[in-house]
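Just below is one structure, and these are the notes that go with it.
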Amino acid sequence: PSLVSTTEGSHLAAHWLEMSAEGTYDYDIRIVQSNDGGRSWSDPFTIHTDGIAAEHGFVSLLPLGDGRVFASWLDGRKTKSDVSADKAIHQHGTGSMTLRSATFDHSGRLYDEAELDSRVCECCQTSAALTTEGPIVVYRDRSEREVRDIAMVRKVGGQWTEPKVIYEDNWLIYGCPVNGPVARTSGSNVAVAWFAMRDSIPEVKVIFSKDNGEEFGNPFLLDLGDPMGRVDLLWLDDNHVGVTWLEKVGDKGILYLRQVHLNGHLSEPYEIAEMNLSRRSGFPRVTDHGADLVVAWTDVDSVTRIKTVKLKM
């Protein structure tokens, strides 16, 4: 699930996934809104209008500043087009996962539902950010020969651009790594962090654009040699970002944070916490609170719980 607050302050929007049929991957995206700071909530509505029992998820919600909220998600309606009813319960078809988007207003009215990319990686997180020209969505693409590099689409002048790979890692992988990118903006500056396996070597990278994502420079390598990915990032000021990722150190996982300047200068890595390496430990998240950073992650031990830490930057 996720929760966003719009510029109106008291307006909140939240999403979760809800099973829609018997199939393992049959679930819908449900949205609720609050106009009083969370004291009361609207009835839920579904963001996609296909009505097909298929996979819909990996959602990014983004306030647009005009009272509307933008959503991007992975949409599996085409994966069910060639699967018989008796097989559809437990598997995808051979149709492609797509990337779609829509916006909605305070009342739940939907606008501008669109297909942004007709073939993408099946289960890597999407990420959306707002530039001075409009939304940008980054995600893991999927070529016909199974190269799964990070791509983007941008809305410029009211129109979506064609999908474009941000950087060619040429990661050939015959399945989804479940390890998506993160994009954040500061004015016309865009930062994207991601995990890839270039020449079978795991890497965590960050890349910058100074023109709303029209062009990107060369990426900067952040990891310590054996990363697991699961990245997040935020802008610390107009020239620096902070990037978090999970690194394998011996037989344990360490959650690190590193500051990166637009020119590529790296701070020393800061060790935040020890983490379990299993997928149950999830994807850590970082945000700012005044002059501090707050990092949250899932602690997997005899009891599963959410832990947080506050960092003075």
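The values are calculated or read from the model by the stated rules, or taken from the named source; none is laboratory data. Computed from a prediction, not measured in an experiment: that's the story for all the values here. Note that each Cβ is placed from the backbone with ideal geometry, even for glycine, and that neighbours are counted across all protein chains shown. What goes into the accessible areas is simple: the full protein's heavy atoms, side chains included, and nothing from ligands, DNA or RNA. Shrake-Rupley method; radii C 1.70, N 1.55, O 1.52, S 1.80 Å.
Kindly check whether there is at least one residue in segment 29-45 that is under 20 Å from the mean Cα position of the chain (by Cα) and modelled with pLDDT under 95. No, the conditions are met nowhere in segment 29-45. The conditions of being buried (at least 20 other Cβ atoms within 10 Å of the Cβ), closer than 17 Å to residue 128 by Cβ and either touching a residue at least 40 places away in the same chain (Cβ under 8 Å) or of a type outside the set (A, V, I, L, M) (or both) are met by residue 181.
Taken together, the residues in segment 244-256 that are outside any strand (DSSP E or B) and either closer than 12 Å to residue 273 by Cα or of a type in the set (D, E, K, R) (or both) amount to 1. Looking at 221, 234, 246, can you tell me which residue is buried (at least 21 other Cβ atoms within 10 Å of the Cβ) and aliphatic (A, V, I, L, M)? Just a single option satisfies the conditions, and that option is 246.
Candidates are the residues of segment 194-218 that are among the small types (Gly, Ala, Ser) and open to solvent by 10 Å² or more (accessible area, probe 1.4 Å); the one that is nearest to residue 152 (Cα to Cα) is 217.
In summary, strands (runs of 3 or more DSSP E) completely within segment 1-84 and bearing 1 or more residues that are open to solvent by less than 30 Å² (accessible area, probe 1.4 Å), among the polar types (S, T, N, Q) and touching a residue at least 40 places away in the same chain (Cβ under 8 Å) occur at 27-34, 56-63, 69-75. Considering only residues in segment 157-178 that are among the hydrophobic types (A, V, I, L, M, F, W, C) and closer than 15 Å to residue 128 by Cβ, the one that is least open to solvent (accessible area, probe 1.4 Å) turns out to be 166. Assessment of segment 118-128 against the conditions (surrounded by 15 or more Cβ atoms within 10 Å (Cβ to Cβ), polar (S, T, N, Q), modelled with pLDDT of 95 or more and out of contact with any Gly (no Cβ under 6 Å at 6 or more places or on another chain)) yields at least one matching residue. Each residue in segment 260-271 was checked for being under 25 Å from residue 126 (Cβ atoms) and open to solvent by 20 Å² or more (accessible area, probe 1.4 Å), and 1 of them qualify.
A quick yes/no check of all residues on (1) in contact with a Leu (Cβ under 9 Å, 6 or more places away or on another chain); (2) assigned to a strand (DSSP E or B):
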residue: 225; (1), (2): no, no
residue: 258; (1), (2): yes, yes
residue: 272; (1), (2): yes, yes
residue: 305; (1), (2): no, yes
